[in-house]
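A short worksheet on the structure shown next.
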Amino acid sequence: MKALEEVKATQAERAQDYVKSLYEQVVERNPNEVEFQQAVKEVLDSLIPVLVKNPTYIKQAVVERIIEPERLISFRVPWVDDEGNVKVNRGFRVQFNSAIGPYKGGLRFHPSVNASIIKFLGFEQIFKNSLTGQPIGAGKGGSDFDPKGKSDMEIMRFCQSFMTELSKHIGPDTDVPAGDIGVGAREIGYLFGQYKKLKGAYEAGVLTGKGLGYGGSLGRKEATGYGTVYFVEEMLKDKGLSFKDSTVVVSGSGNVSIYAMEKAMELGAKVIACSDSSGYVFDPNGIDLDLVKRLKEEENKRIYEYVKERPKARFEVGCAGIWSIPCDIALPCATQNEIDQEAAETLISNGIKAIGEGANMPSSQEAIDTFLENKVLFAPAKAANAGGVAVSALEMAQNSSRVAWTKEEVNEKLQSIMKDIYRKTTEASEEYGESENLVLGANIAGFVKVADAMIEQGVI
Ligand code: NDP
């Protein structure tokens with residue numbers, strides 16, 4: 001018996017050493033890429049128990065292979081502004097892993113975009129896409145182009161130039177981009193138009209998040225936000241809680257935030273705050289979602305305009321303060337690392353019950369540790385926000401079979417996918433001995449499927 005314990009301890013030590021050396025290698029090979037390093041570290045730490053149980057993964061160097069993108073493409077994007085000046089941005093596409101399907105993941109247009117951001121997002125996409133149960137590999141892309149303040153024609157010219165290069169690397173069976181921060185229906189339309197012109201063929205499945213009139217799926221726009229709330233609802237249900245009569249704070253006021261707010265409200269929650277990169281609005285009577293939609297989806301305005309029409313609401317400059325508002329549930333739906341340890345501690349001291357990550361990596365590692373140590377229910381992004389890419393996969397399925405499902409059909413499928421992700425995540429966390437730790441569960445459940453497919457496909 002003692003001998004068995006010793007063997008186990010040795011195996012655990014070996015797995016820990018292995019993971020440590022891999023992380024050191026990642027830091028050395030990807031210097032200054034702090035977001036990528038952070039995303040890899042979180043996954044590596046979770047995988048230790050799997051490596052102890054399945055040493056084949058170490059022998060086959062699966063983790064070593066999974067943290068190295070299959071391909072990273074970086075390219076010049078020249079375009080002409082309305083005054084006739086030539087501008088140059090940098091475009092990226094990381095094709096991270098194709099073990100279980102064509103590369104799949106969004107495009108982000110934001111001045112902060114660089115190789116580190118794109119690689120962290122592409123890496124997370126591996127596990128997220130695997131969790132959806134759909135046949136999709138992982139990719140991500142974007143540009144440091146800032147769409148804010150640009151005219152419609154400038155956006156179009158930029159998208160056309162971006163796609164002129166990107167089109168060489170994507171296709172319905174190779175790599176299927178979608179939207180992300182700064183890339184919505186308008187941008188997808190311009191990107192698709194240019195791709196079609198260049199290819200001389202109508203390959204509807206090359207992009208997802210398309211307009212409904214040309215191959216888009218009903219329910220895609222809502223999918224990430226709704227999916228996040230469905231996942232959190234499952235997590236709450238397990239503890240005898242629900243969204244009903246709870247107060248909710250949602251950061252951001254973009255695609256994910258708006259539909260997370262909508263679904264939370266439908267389930268009986270009172271959403272009291274939302275934000276954009278200029279600051280946040282606190283509306284004690286409950287956010288007027290129609291007003292947010294008009295300001296953001298139709299008029300392209302800043303969130304402070306909200307208080308002009310809702311005198312009892314208050315606007316505060318800066319984003320971080322939103323986490324000082326007492327609430328039962330927080331849904332960070334804006335961007336990476338928006339909740340740091342201090343914000344996590346404030347949320348906890350104000351009695352937070354649950355966190356649902358709608359954005360990608362919105363909580364820092366220290367914040368996650370703080371939530372878990374304090375037994376706050378925590379729905380990690382890879383699992384909670386997978387509804388968007390899941391419905392993108394459903395859009396691909398509709399495109400290739402040339403059918404269009406109703407909104408109800410899509411929503412039903414989304415709900416069942418989110419329940420399934422919750423089940424897989426909790427089962428994996430239970431199997432590996434940390435039943436309350438869904439970060440571990442999501443990473444492991446996502447990893448195992450991809451790792452096994454990689455082994456079956458040989459060393460490639
Ligand atoms: P949008 O561009 O529609 O909205 C982003 C929102 O977040 C805006 O309100 C924006 O404010 C705010 N924001 C962006 N950057 C910052 C920043 N640095 N600081 C503070 N606020 C910021 O993007 P999405 O809603 O599509 O994406 C939001 C998050 O969800 C991202 O992390 C994305 O990767 C993730 N996600 C999105 C999916 C999707 O289907 N769209 C799928 C899965 C994850 P402002 O307008 O002022 O810039």
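The values are calculated or read from the model by the stated rules, or taken from the named source; none is laboratory data. All figures in this text were calculated on a predicted structure; none of them were measured in a lab. Reconstructed Cβ throughout: ideal geometry from the backbone, glycine too, with neighbour counts over all protein chains shown. Heavy atoms of the whole protein, side chains included, go into the accessibility calculation; ligands, DNA and RNA do not. Shrake-Rupley method; radii C 1.70, N 1.55, O 1.52, S 1.80 Å.
Observations, loosely collected:
- Residue in the range 68-87 that is open to solvent by 10 Å² or more (accessible area, probe 1.4 Å), out of contact with any strand residue (DSSP E or B) (no Cβ under 8 Å at 6 or more places or on another chain) and within 21 Å of P31 (Cα to Cα) present: yes
- Some residue of the range 108-127 being away from the ligand (no atom under 15 Å from the Cβ), in contact (Cβ under 8 Å) with a residue 12 or more places away in the chain, in a loop (DSSP other than H, G, I, E, B) and closer than 25 Å to C159 by Cα: no
- Only a single item in (1) farther than 30 Å from S435 by Cβ; (2) assigned by TED's automatic domain parsing to the domain that holds S277 is not met by A404, and it is number (2).
- Residue check for I322: without any contact (Cβ under 8 Å) to a residue 60 or more places away in the chain and open to solvent by less than 40 Å² (accessible area, probe 1.4 Å): no
- Residue that is hydrophobic (A, V, I, L, M, F, W, C) and open to solvent by 10 Å² or more (accessible area, probe 1.4 Å), where the choices are I100, I126: I100
- Long-range neighbours under 6 Å by Cβ, at least six apart or interchain, first residue basic (K, R) within the range 140-162, second open to solvent by less than 20 Å² (accessible area, probe 1.4 Å) and outside any loop (DSSP other than H, G, I, E, B): K140/V94; K140/G105; K140/I118; K140/L121; K140/G122; K140/Q125; R157/W79
- If you go through the range 427-442 and keep only what is surrounded by fewer than 21 Cβ atoms within 10 Å (Cβ to Cβ) and assigned to a helix (DSSP H, G or I), you end up with E427, E430, E431.
Residue by residue, here is whether (1) within 14 Å of the ligand (Cβ to nearest atom); (2) open to solvent by 30 Å² or more (accessible area, probe 1.4 Å); (3) hydrophobic (A, V, I, L, M, F, W, C); (4) outside the structural domain of G122 (by TED's automatic domain parsing) holds:
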residue	(1), (2), (3), (4)
N300	yes, yes, no, yes
Y304	yes, yes, no, yes
F315	yes, yes, yes, yes
C327	no, no, yes, yes
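- Residue check for A445: buried (at least 24 other Cβ atoms within 10 Å of the Cβ), at pLDDT 95 or above and under 16 Å from L131 (Cα atoms): yes
- Restricting the first member to the range 199-226 and to residues that are in contact (Cβ under 8 Å) with a residue 24 or more places away in the chain, and the second to residues that are β-branched (V, I, T) and in a loop (DSSP other than H, G, I, E, B), the beta-carbon pairs closer than 7 Å and six or more apart or on different chains are V206/I170; L218/T406; R220/T208.
- Some residue of the range 367-384 being among the small types (G, A, S), under 20 Å from T132 (Cβ atoms) and open to solvent by 10 Å² or more (accessible area, probe 1.4 Å): no
- The one condition in (1) of a type outside the set (S, T, N, Q); (2) open to solvent by 10 Å² or more (accessible area, probe 1.4 Å); (3) assigned to a strand (DSSP E or B) that G91 fails to fulfil: (2)
- Selection status of E373, away from the ligand (no atom under 16 Å from the Cβ), farther than 30 Å from Y214 by Cα, among the acidic types (D, E) and outside the structural domain of M261 (by TED's automatic domain parsing): no
- Filtering the range 5-17 for residues that are under 30 Å from V113 (Cα atoms), part of a helix (DSSP H, G or I) and open to solvent by 50 Å² or more (accessible area, probe 1.4 Å) leaves an empty set.
- Candidates are the residues of the range 129-158 that are within 15 Å of the ligand (Cβ to nearest atom) and over 22 Å from the mean Cα position of the chain (by Cα); the one that is nearest to N399 (Cα to Cα) is I155.
Rundown of residues vs (1) among the aliphatic types (A, V, I, L, M); (2) away from the ligand (no atom under 13 Å from the Cβ); (3) open to solvent by less than 10 Å² (accessible area, probe 1.4 Å), yes/no style:
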site	(1), (2), (3)
I181	yes, no, no
I188	yes, no, yes
K197	no, yes, no
R220	no, no, no
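- Any hit, the range 360-371, residues being touching a Phe, Trp or Tyr at 6+ places or on another chain (Cβ under 9 Å) and assigned to a helix (DSSP H, G or I): yes
- Per-region count, the range 161-201, residues assigned to a loop (DSSP other than H, G, I, E, B) and of a type outside the set (A, V, I, L, M, F, W, C): 10
- So Y280, is it at pLDDT 95 or above, under 30 Å from A99 (Cβ atoms), crowded, with 19+ Cβ neighbours inside 10 Å and within 16 Å of the ligand (Cβ to nearest atom): no
- Restricting the range 244-273 to residues that are under 14 Å from D290 (Cα atoms) and part of a loop (DSSP other than H, G, I, E, B), the residue that is farthest from the ligand (Cβ to nearest atom) is S253.
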